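Q: Shown below is the structure under consideration.
Read-outs throughout are calculated quantities, based only on the coordinates presented, and are distinct from any laboratory measurement. Computed from a predicted model, the values in this text were never measured in an experiment. Here Cβ is always computed from backbone atoms with ideal geometry, including for glycine, and neighbour counts include all displayed protein chains.
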Amino acid sequence: MIVTPISNYFFNIVSSLVLAGIITVVTETVIAKRGQAVEEDTDTKEQDMGSFSDMKLKPGEKRGLRNSGIAFAIMLAIYLALLLTPGSPLRAEDGTILMSPLLLNVGIVIAIMFAVMGWVYGRAAGTMTRARQIPEAMAKGIVSVAPVLVLFFAAAQFTAYFEWSGIGPVLAVYGADFIGGLGLHPVIMFAGVVAIVAVMNLLITSGSAQWTLLAPVMVPMLMLLDVSPETLRRCSGSVIHPPTCSAP
C-alpha cells in the first residue's frame, strides 16, 4: 500500500478549521489572560528595538519578492500543466493524477521551487550576486536542520533493526490477534492509540520520532484489523500533538 501526500486531504480540510477555532478560543480565553498577569521583562524594556521605518521593505527587497513571486507563478503553472494535462508522461501509469510521480515525490518539487525562488530573490535583491554564494547559503541553511538529520539517522537505524530482526511483524500479528480476540469497537481501539500517543508526548515531543517508534508495529497490526495507515496517522498524533504545550 502506498500512502500519498494527499491521502488525508478531506481530514486536513476539516481538522484545519476545527484546530484553528480551538486554538483561537484557548489563546483568547486562557493564554492571553495569563499573559496580562506576567510582568514585563526589564531587560527587554531597555533594548533598542529600532524604529518602525527600519522594518519597512527596501526597494531591492520588494524587487526580490516580486521576481520570486513571478518565478513561483511560472513554476506552479508548469507543474499544474504537467499534472493535469491528459496524456502527460508525468501522470500515473493508468493516467490518473493521485498516483502521479509529481504528487508521490512532491517534496522534490517543493525543494526545487524553493531553490529557484531563493536564487531569483537573491539576484534581484542584490544579496546573491555570484554563483559561489549559492553553496554558502545552502551550508548556512543546513545548520538549522542538522538536529532533524541526526534524528532521521537514528530513526533509520531503528527501522532497519526492526526489519532485520523481524520483531515488528511478530508483534503486529500477536497484537492483532489479541485485539481482535477482545472484540473491541473501533472507537475504543482508536481511543487506546490516542492514549498511548498522549503518554509518549510527555517524553517525545517530535511527531516524526513518535511515528518512527509507532509505525513499525502499529501500522501492520491495525492493517490486519482492516484499519488503513492514513486513519491511524491522523487519528493518533493529529489529535494529541497540536495542543501539546511541549510540542516544538
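Q: Using the Karplus equation 6.51 cos²θ - 1.76 cosθ + 1.60 (θ = phi - 60°), what ³J(HN,Hα) coupling, rounded to whole Hz, does each residue of segment 56-61 give in order, writing x for Gly and Pro?
A: Result, ordered by residue: 6, 5, 7, x, x, 5 Hz.
Q: Rounded to the nearest 0.05, what FRET efficiency do Met55 and Tyr161 give with R0 = 35 Å and r taken as the Cβ-Cβ distance? Could you check? Mind dumping the intermediate values first?
A: On the way: r = 50 Å, r/R0 = 1.44.
It comes to 0.10.
Q: With the crude spin-label approximation of a point 7 Å out along Cα→Cβ, what separation in nm comes out for Thr24 versus Thr127?
A: Taking the two extended label points, one gets 3.2 nm.
Q: Starting from the 7 Å offset along Cα-to-Cβ, what nm value, one decimal, do you get for the label separation of Leu213 and Leu65?
A: Once both label points are built, they end up 4.2 nm from each other.
Q: For Val194 and Leu80 in one chain, what is 0.36 nm times their gap in residues minus the Cα-Cα distance, to one decimal in nm? It would help to have the intermediate numbers written out before the result.
A: Details: separation 114, 0.36 × 114 = 41.04 nm, distance 3.72 nm.
This chain segment gains 37.3 nm when fully extended.
Q: Taking the Cβ-Cβ separation of Tyr174 and Leu202 as r and a Förster radius of 30 Å, what is the calculated FRET efficiency to the nearest 0.05? Present the calculation step by step, with values, prior to reporting the outcome.
A: Details: r = 27 Å, r/R0 = 0.89.
E(calc), rounded to 0.05, equals 0.65.
Q: Can you run phi through the Karplus equation (6.51, -1.76, 1.60; θ = phi - 60°) for segment 177-183 and list ³J(HN,Hα) in whole Hz, with x for Gly and Pro?
A: Each residue of segment 177-183 in turn: 4, 5, 5, x, x, 6, x Hz.
Q: Also, I was wondering about something else. Need one number: nm distance between label points at Met113 and Ser16, each 7 Å from Cα along Cα→Cβ, rounded to one decimal.
A: 1.3 nm
Q: Separate question: If r is the Cβ-Cβ distance from Ser144 to Val106 and R0 is 30 Å, what FRET efficiency results, to the nearest 0.05? It would help to have the intermediate numbers written out before the result.
A: Values: r = 22 Å, r/R0 = 0.72.
The formula returns an efficiency of 0.90 here.
Q: Tell me, in nm to one decimal, what length is gained between Leu184 and Phe153 on full extension, where the rule is 0.36 nm per residue of separation less the Cα-Cα distance?
A: Answer, rounded to one decimal: 7.5 nm.
Q: When Ile179, Ile167 are ordered from fewest to most other Cβ atoms inside 10 Å of their Cβ, what list results? Before the final figure, lay out the partial values.
A: On the way: Ile179 17, Ile167 13.
The most exposed by this proxy come first: Ile167, Ile179.
Q: Any idea what the dipole of segment 57-129 comes to, in debye rounded to 20, about its Cα centre with Lys/Arg Cβ at +1 and Asp/Glu Cβ at -1? Intermediate results must be reported in sequence, preceding the final value.
A: Values: 6 positive and 3 negative charges, 106 e Å.
Using Cβ point charges on Lys, Arg, Asp and Glu, segment 57-129 gives about 500 debye.
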